[in-house]
Structure formats: structure tokens, C-alpha cells
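Heads up, the thing below is written out as C-alpha cells.
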Amino acid sequence: MCGISGLFDFNLRSSKFILNEMNNTLFHRGPDGNGLYFRETEKFQVGFGHRRLSILELTELGKQPKQFQNLWITYNGEIYNYKEINKELEKIGYSFESNSDTETILKAYHAWGEKCLNRLNGMFAFSIYNEENDDVFMARDRTGIKPFYFYHKEKLFLFASELKAFHKHPNFEKELEINALAHYFQNGSVPSSSCIFKNCQKIIPGHFIKTNLNNFLIKQEKYWNVYDYYNKPKLDISFEESKVKTKTLLQSSINYRIISDVPVGVFLSGGYDSACVTALLQKENQEKLKTFTIAVPDIGIDESKYAKQTSTFLGTEHTEAVCSESEAIEIIKNLPYYFDEPFSDASAIPTMLVSQLAKKQVTVALSADGGDELFAGYNRYSDYLRFLKKMDKLPKSGLSILTALSGKFPINNFLNSKIQNFSNRREKLEELFSNYSIENAYSLFHKQYSDTQIKKLLNHKEINLDETLNGKLKKDFFTPLNFALATDYQNYLVDDILTKVDRATMSASLEGREPLLDYRLIEFLAQLPDNFKFSNGNKKYILKEIVHDFIPKELMDRPKMGFAIPISKWLKNELKENVDYYLSDEKIKNQEILNLDVIMQLKKDFYHKNKMELGARLWNILMFQMWYEKWFLN
């Protein structure tokens, strides 16, 4: 796991010094080494930078940027099946001088070109430059575990693992992309199909860019998409057969992800996902695994008791740390630095805490992210399917009547008034009835703002809030659950969960690995019948049945907890001063980005009318304001 940066400059205004400055902003991603490659011709300059976190091949043979014949590469990630690929390459005449997967990618690309991507099992973001013919090839892994940002304006192209590297180039121009900002306020993160700055993009997961410095046309091409597997007929397979196959894939994926030349640990909570990873991994190892849990009892985050029970039963070497509320709040001031694109998922705070804990003993930590998206674990899936059933019971004329009444009907009949953020969902429901569809209905359960609310919040008339999906379910394979799972896998998982885990682990110079995100697993699970994953209201059904083979059900069966941060309480008390500073009338007015009247009303409703459910919106805006001051004004 590392940090990469680079440039292609046709203005000839860059230098090795600038490249080094860009690269050093990523020190936290790779404190073990620094490497540069810089080439200048009459027409262009090429620069590759690399910050190294040593995981495989700890000698100088693992140093990057790395060369093979006329090819140069800078690469971030891990290729777990590199030894199998090496054997394929050896059969056709290649030899290897190192135990580095970087060498594997270089020679795989040399042998097979872009088709090498189909052989790679892992997480990766890399750029390859061919000195002989000036070809350039850049790619990102299927799920989007590793980030790849790029900036392209006129005759300058920059790329990096994090946006902060671009700020070190004197010709990088900062300009807000308002549509990306609108999506941030709706979802709490910027989608992978856009970026917070104009002229910036990300390589979309499962895509690559192939170009040449003599024409330098930038076009992303797809090599993998999750919808291709949801758009296949369901497998004719029994539940027991599917359980065996799922367990086999899980075991293979986990075994791949413990390959390392440095110590490996596991993030262990009290839930099924991390228990599954830990159980399958400990089963295969005679040595005790190192497991880690963080608890912040002051704010209600304390799964340590359940994690300890699981650890004791499985026999791991367990470490738990209890943090105070003040320690958790202290992290907030650092969020804009590590999340250098606006991000408001507050669970980043405990994720950073547990990463710091693990780093004291290990350099690699396995995390169990993706279980909810693969196995239907979110509570919102239950709410969504329950809502659709109620809508199905309406007579044909019912929807038009509800639309006409618009806010006067008894909404409690359609939404459980006890669900989180109820009043906000009520506003979105009223808008939904004017443009109802099964797909649009899902926005009730995962968007912070409706489209109408966003347009009131922002001081911009032209806002495009079209969906950011780059795939679609075909009619023959459409089910509401498949739609929700595919949507979350392609959007929420990448834009929120994986962004959070990457930045949080890297802030502690810790490599996070994701065994549940092996592409073979989602390709299989996408073709299973819905009721294997969501059975009579029982979420993660097949995963739970697998876990119960290793851990007694009575030890695991409890309500889903998660990292529930008391944001509203903090905003009322400890963070009130931050709100007064960053959301002052003067700041909002001078920025001319947000509608001052909307912000004033939000603060009034939250602080004086005690509408605590508005805390999530206030936090969302606070995180943007803190980001804006850090990265736009400085």
C-alpha cells in the first residue's frame, strides 16, 4: 500500500522539484521510502512519484517507480494472486528478480497489454509509461478500493492517490464543481464519476485509460462492472450448495489477503462480517491472530464486550482500546486534511482510532467492509422493501391522489415514524410522489436531501442531479433488492465506505485489506436468489449461516450496532463554537456558495427549536466549510 503521483506536462513548466513536492504530500501513505522518475523531451515532461509502505519484497528490489525494458510504473495496492500470474509468465519466457507484485504487473502488461487486468485479483491503482512509443496506461481495480484522481486542463495532466498532491503544482487551478458539491450534500461524499474540482476526475472502478503522449486523448474504458453479474439469470442451485460455494470463495479470498512480509491483524467488531473473516482466518492458522477493537463508551460506541467474546471463542490475541469522547472529538480537526475531498461520514472518526491502535502492532489489517452490500445487511433494505409493499397495496388511483394531497395525507402509513431522520424522509416522500418509481423510492432511504432541498441550499440555478450510475439492471433481472444492492455496491460502497477506510488506514500508515471484496465473490453472489441473502426479514441470511458453523448463534444474534456517532449532541455542545465560526453569517455570505437564509433557518431550527434530527445536515455543511477553508482558501 503506497501513495502515487505523477504528471504529463506539454507546457514544459514542471520540474523534478515540483514532482517531489507533490509526492511528499503523500508521506503518510508511504513513510518507508520515496522514489521519483522524471523525463523531459522537446515536447513534454513525464514524472512519476511513489511513496512506499513496505509490505512485500522489503529490499530495494521492491522500490518504485520500477522499470522493465522500456516500461515504467508507479503503483499503489496489492495483487494477491501474483505468484500464479508469475507462473503463467514464466511459461512464456519471463523471469523474475524479486518477490514484488509490482514486477508482476509490469511484465503482465508487457505480455498481454490491457487484458492483463482480467488476470489481476487485488486492489490497485497504477500508471505505466512506455518510453519507446510514449504510450500511457492507467487503471483502477474493479471495486475501487484504491483511489486514482487526475486533473486535465489544456496541456497539463496530473494524477495522484489523493487530491492534496495537485495543490503543490503551481499550474493547478482550483475551481469548485457545483454538481459534485450538490451530490456531496445529498450523499455525504463526492461520487466516483466526478470530483469536487473542475477539470478533475477519478478513474471509475473497473475502468482504464489508454492514450499516447503524441495525441493524449483521455477516454475511460470499462473492463468490469457489477451490473454485468446482476444482469445474469439466477443460478439453479440449492441453498446448501450456495453456502458451500460462498464459504469456499470466502476462504480463498481471506487466504490471499494474509500474504505479506510484515505482521497482519484483523479489525474485529461484534458483528457477523468481521467475525466471519476472523473465524475463517483463524481456522487456517495455528498461530493466534492479532485482532483489534476500539471502544468509545462515552458516545455509545462499545462493541468491545461482544468482540471479546468472539475473540475468546476463536482464540485470537485480542487488543482493545477504550478512548474518551474528547479523544474522538480531537480527531475532527484533522478530517479535512486526510479527507481532502468533502466527506461527512462521521464513522471516519472511530475508523481512524482503530487504525491508530492496530498500527502499533501490525502494518496490515484486514477489514470486513462490503458485507452489507454483498449480503443485504443494511436496515434500510428492510425499510425500502416494506415501503414498496405498502405502495403495492394502493389502488391505481392512489398515487395520483397522494400527489394531489402533497403533504396533507397521513404519512405514518407509509413510513415508520420511529426510523432515523423521519422528518427529513417525509419531505423527500412528498417529492417522490410527483415522480414515483421503484428506483426513485430508494432515495428515501439513503439521500440526506431531496433534489428540491439541494437547489434551495445552493446559490446556483443550474444544478444537474442526474444519477451517477454507469450501469443498469435489465428488466428480466430486476428486483428491488438487486437494484438496492447493485446501487450501493457501485456508489455508496465506493464513494463512502472505501473512501473512509482508505483515508483512515492510510492516515496511520496502515494497509487495509478487504477480503469480502474479492471480485469472484460478488460475481457469484449477484447470481444467487434474493431469499438466500434476505430471507423473511432476516438480513445476511447466507453469511449468518456460514458464521454459525464456527461461532454459536447465541453468541452472535443481536441487533446491528455500527459506529453511531452522537453528532447532534456534539453540535449542541462541544462543536457549537465550530458551527458559530464556520457557519457564521459573514462567512456564508462572502462565499456565495450556500443560501444564507437556508443556513440561518437550519441553525435556528436545530438550536432553538431543538430539532435534533437536523444535526446530520448541520454536520454535513460543517464538514464542507472546514474542507473549504483548508483546501480552497489556503
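The values are calculated or read from the model by the stated rules, or taken from the named source; none is laboratory data. This structure is a prediction, so every number in the text was calculated from the model and none was measured. Every residue, glycine as well, gets a Cβ built from its backbone with ideal geometry; the counts of neighbours run over all protein chains shown.
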message: Suppose the filter is among the basic types (K, R), in the same structural domain as N11 (by TED's automatic domain parsing) and surrounded by fewer than 18 Cβ atoms within 10 Å (Cβ to Cβ); does K174 pass it?
response: yes
query: If you go through region 34-43 one residue at a time, do you hit one that is aliphatic (A, V, I, L, M) and assigned to a helix (DSSP H, G or I)?
result: no
- line: Considering region 500-546, residues that are over 21 Å from the mean Cα position of the chain (by Cα) and among the acidic types (D, E), and then whichever is surrounded by the fewest Cβ atoms within 10 Å (Cβ to Cβ), we arrive at D530
- line: Screening G30, G62, G47 for residues that are over 24 Å from N130 (Cβ atoms) and either crowded, with 18+ Cβ neighbours inside 10 Å or in contact (Cβ under 8 Å) with a residue 40 or more places away in the chain (or both) leaves only G30
- request: State yes or no: is A368 in contact with an Asp or Glu (Cβ under 8 Å, 6 or more places away or on another chain), assigned to a helix (DSSP H, G or I), under 30 Å from G615 (Cβ atoms) and not assigned by TED's automatic domain parsing to the domain that holds R29?
  value: no
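Select, from L498, L469, the only residue that is hydrophobic (A, V, I, L, M, F, W, C) and either at positive phi or modelled with pLDDT under 95 (or both).
Details: L498 fails: either at positive phi or modelled with pLDDT under 95 (or both).
Checking each option against the conditions leaves just L469.
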message: Contact list please: Cβ distance under 6 Å, first residue in region 319-346 and at pLDDT 95 or above, second residue surrounded by fewer than 19 Cβ atoms within 10 Å (Cβ to Cβ), pairs at least six apart or on different chains.
response: P336/K630
query: Residues F126, F159, F96, F148: which one is among the hydrophobic types (A, V, I, L, M, F, W, C) and surrounded by fewer than 21 Cβ atoms within 10 Å (Cβ to Cβ)?
result: F96
query: Taking region 303-351, which residues are within 26 Å of E177 (Cα to Cα) and either part of a helix (DSSP H, G or I) or basic (K, R) (or both)?
result: I332, K333, N334, L335, P336, Y337, Y338, A348
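Residues are listed down the side, and each one gets a yes or a no for (1) out of contact with any helix residue (DSSP H, G or I) (no Cβ under 9 Å at 6 or more places or on another chain); (2) closer than 27 Å to M506 by Cβ:
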site	(1), (2)
G49	no, yes
S54	no, yes
I73	no, yes
E90	yes, no
S100	no, yes
E103	no, yes
L106	yes, yes
- prompt: Are any residues in region 569-586 more than 18 Å from L335 (Cα to Cα) and buried (at least 17 other Cβ atoms within 10 Å of the Cβ), and if so, which ones?
  reply: K572
message: Being at pLDDT 95 or above, assigned by TED's automatic domain parsing to the domain that holds L281 and not basic (K, R) is true for just one of E545, E577. Which residue is that?
response: E545
message: Can you list residue pairs whose Cβ atoms sit under 6 Å apart, with the first residue in region 124-141 being more than 22 Å from K222 (Cβ to Cβ) and the second being modelled with pLDDT of 95 or more and among the aliphatic types (A, V, I, L, M)? Count only pairs 6 or more apart in sequence or on different chains.
response: Y129/V46; Y129/V136; N130/L71; D134/L213
query: Can you spot a residue in region 241-263 that is farther than 23 Å from E523 by Cβ and either among the aromatic types (F, W, Y) or surrounded by 17 or more Cβ atoms within 10 Å (Cβ to Cβ) (or both)?
result: no
message: Condition first: of a type in the set (A, V, I, L, M, F, W, C), at pLDDT 95 or above and outside any helix (DSSP H, G or I). Can you find one or more residues in region 588-598 that meet it?
response: yes
query: Does K232 meet the test of being under 26 Å from the mean Cα position of the chain (by Cα) and free of Cβ contacts under 8 Å to residues at least 12 places away in the same chain?
result: no
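Rundown of residues vs (1) touching a strand residue (DSSP E or B) at 6+ places or on another chain (Cβ under 6 Å); (2) not in a helix (DSSP H, G or I), yes/no style:
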| residue | (1), (2) |
| --- | --- |
| W224 | no, yes |
| D236 | no, yes |
| I254 | no, no |
| D261 | no, yes |
| G265 | yes, yes |
| C276 | no, no |
| L281 | no, no |
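What residue, among those in region 281-302 that are among the acidic types (D, E) and within 26 Å of N255 (Cβ to Cβ), is modelled with the lowest pLDDT? First the steps, then the outcome.
At the first step, the residues of region 281-302 found to be among the acidic types (D, E) are 284, 287, 298, 302.
Narrowing further to those that are within 26 Å of N255 (Cβ to Cβ): 284, 287.
Details: E284: 79, E287: 84.
Residue satisfying both the conditions and the ranking: E284.
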- request: Report yes if K283 is assigned by TED's automatic domain parsing to the domain that holds Y541, surrounded by fewer than 17 Cβ atoms within 10 Å (Cβ to Cβ), touching a residue at least 40 places away in the same chain (Cβ under 8 Å) and basic (K, R), otherwise no.
  value: yes
- request: Name the residue, out of F157, F185, that is out of contact with any Gly (no Cβ under 6 Å at 6 or more places or on another chain), touching a residue at least 60 places away in the same chain (Cβ under 8 Å), under 19 Å from P336 (Cβ atoms) and among the aromatic types (F, W, Y).
  value: F185
message: Please pick out the residue among W619, W627 that is closer than 24 Å to D496 by Cβ, touching a residue at least 12 places away in the same chain (Cβ under 8 Å), out of contact with any Asp or Glu (no Cβ under 9 Å at 6 or more places or on another chain) and surrounded by 16 or more Cβ atoms within 10 Å (Cβ to Cβ).
response: W619
message: Going through L388, L399 one at a time, which residue ends up being farther than 27 Å from D530 by Cα, at pLDDT 60 or above and surrounded by fewer than 16 Cβ atoms within 10 Å (Cβ to Cβ)?
response: L399
Count - residues of region 431-454 that are touching a residue at least 12 places away in the same chain (Cβ under 8 Å), assigned to a helix (DSSP H, G or I) and not small (G, A, S): 11
